[in-house]
Amino acid sequence: MFISTTDSSGLFALLLTYTFNYAIIFHGFPSFAIWHLWSLSVEEQFYLLWPFITITLKNKLDILFGIVLLIIVVSYSQLCFNMIPSISAYNYYGLLSRMGSLGLGALGVIAYKKELLPQKLFKSKIFEYLMLGLLCVTLISSFSLKMFFLGLCSIYLVLKSAYFNFSLNSINRFLTNKYIVYIGTISYGIYIYHLPIDYFFSKYLLDPFWKSIPFNSFGFLKKIQWNIWIIELPLYSSLSILVASLSFRFIERPLLGLKDKYFKK
């Protein structure tokens, strides 16, 4: 029996033990403010196993490559085709069905180490445009292999930006812009804090204020009443960046320093 997600101490225990992703299947989302933390559980569950696999097979990259391929195939088969119906409830939140994207990242690292990245494809303008087009089409479409193609496009773009250049200079300039690089540096914090900021500011500040405005007296501008996002988007984006920046400076960076000091090897 999982600890209840409605109990604060139980919820903390679930988050601390990285079992939150399975608990919400039984109990539902305790709050919109923290539901996204299920993804951290999946990541940590994967990373509890992954070091033992890589340490064991660090000198046998061919076998490791095959194992990662198997992980990807099994994961996306369950996610896209529900190969094992009895665990379908966990398809979106469970480790088995969501480790495929982590496996794609691992596959990219191994392929780079073994010099298996297809240079011609990564340097091809046509293939670059095809992948960018595929990403756009996949984002606005719905089909059984959508999650796989999103993962495929993501790993291509990550490897492309890390080891190659884009033929579109505007993309290169964007990715190397110091402000964008900084956003990437604090992106973990932005991900963690953006929903709590959205939830609590909306519930206790913005929504009450917004409902008190007499929009009916605004004439043709009264439609603004149904477009609160005009305020929310810049406000919550700015607050998320601010909080993430403070968190990185006073929490994450000191912890990373301790990691480098004691676990550098």
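The values are calculated or read from the model by the stated rules, or taken from the named source; none is laboratory data. Since this is a predicted model, take the numbers as computed values, not measurements. Cβ sites come from the backbone with ideal geometry, for glycine too, and all protein chains shown count toward neighbours. Just the protein is used for accessible areas: all its heavy atoms, side chains included, with ligands, DNA and RNA removed. Shrake-Rupley method; radii C 1.70, N 1.55, O 1.52, S 1.80 Å.
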Take residue 239 and tell me if it is open to solvent by 80 Å² or more (accessible area, probe 1.4 Å), assigned to a helix (DSSP H, G or I) and modelled with pLDDT of 95 or more. no
Name the single residue that is most open to solvent (accessible area, probe 1.4 Å) among those in the range 24-45 being more than 16 Å from residue 188 (Cβ to Cβ) and assigned to a helix (DSSP H, G or I). 26
Restricted to the range 193-217 and to residues being among the hydroxyl-bearing types (Ser, Thr, Tyr) and assigned to a helix (DSSP H, G or I), the residue nearest to residue 40 (Cα to Cα) is 193
Could you check residue 257 against (1) out of contact with any helix residue (DSSP H, G or I) (no Cβ under 6 Å at 6 or more places or on another chain); (2) more than 28 Å from residue 37 (Cα to Cα) and say which number it fails? (2)
Among the residues of the range 227-259, the number that are closer than 21 Å to residue 211 by Cβ and touching a residue at least 24 places away in the same chain (Cβ under 8 Å) is 5
Quick one: in the range 168-192, of everything that is polar (S, T, N, Q) and in a helix (DSSP H, G or I), which residue is least open to solvent (accessible area, probe 1.4 Å)? 172
Could you count how many residues in the range 119-158 are open to solvent by less than 60 Å² (accessible area, probe 1.4 Å), among the aliphatic types (A, V, I, L, M) and closer than 18 Å to residue 172 by Cβ? 4
Test residue 215 against the criterion of being surrounded by 13 or more Cβ atoms within 10 Å (Cβ to Cβ), more than 13 Å from residue 186 (Cβ to Cβ) and in contact with a helix residue (DSSP H, G or I) (Cβ under 7 Å, 6 or more places away or on another chain), and give yes or no. yes
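So that you can scan it fast, the table gives a plain yes or no per residue for (1) over 25 Å from the mean Cα position of the chain (by Cα); (2) within 30 Å of residue 184 (Cα to Cα); (3) open to solvent by less than 40 Å² (accessible area, probe 1.4 Å):
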site	(1), (2), (3)
223	yes, no, no
228	yes, yes, yes
244	no, yes, yes
254	no, yes, no
259	no, yes, no
Do the conditions hold for residue 263, that is, is it farther than 23 Å from residue 40 by Cα, modelled with pLDDT under 95 and either among the charged types (D, E, K, R) or out of contact with any Lys or Arg (no Cβ under 6 Å at 6 or more places or on another chain) (or both)? no
Looking for something within 25 Å of residue 192 (Cβ to Cβ) and open to solvent by 50 Å² or more (accessible area, probe 1.4 Å) - is there at least one such residue anywhere in the range 78-90? yes
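Let's see how each residue does on (1) in contact with a helix residue (DSSP H, G or I) (Cβ under 7 Å, 6 or more places away or on another chain); (2) under 18 Å from residue 153 (Cβ atoms); (3) aliphatic (A, V, I, L, M); (4) assigned to a helix (DSSP H, G or I):
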{"residue": "47", "(1), (2), (3), (4)": "no, no, no, yes"}
{"residue": "70", "(1), (2), (3), (4)": "no, no, yes, yes"}
{"residue": "98", "(1), (2), (3), (4)": "yes, yes, no, yes"}
{"residue": "101", "(1), (2), (3), (4)": "yes, yes, no, yes"}
{"residue": "106", "(1), (2), (3), (4)": "yes, yes, yes, yes"}
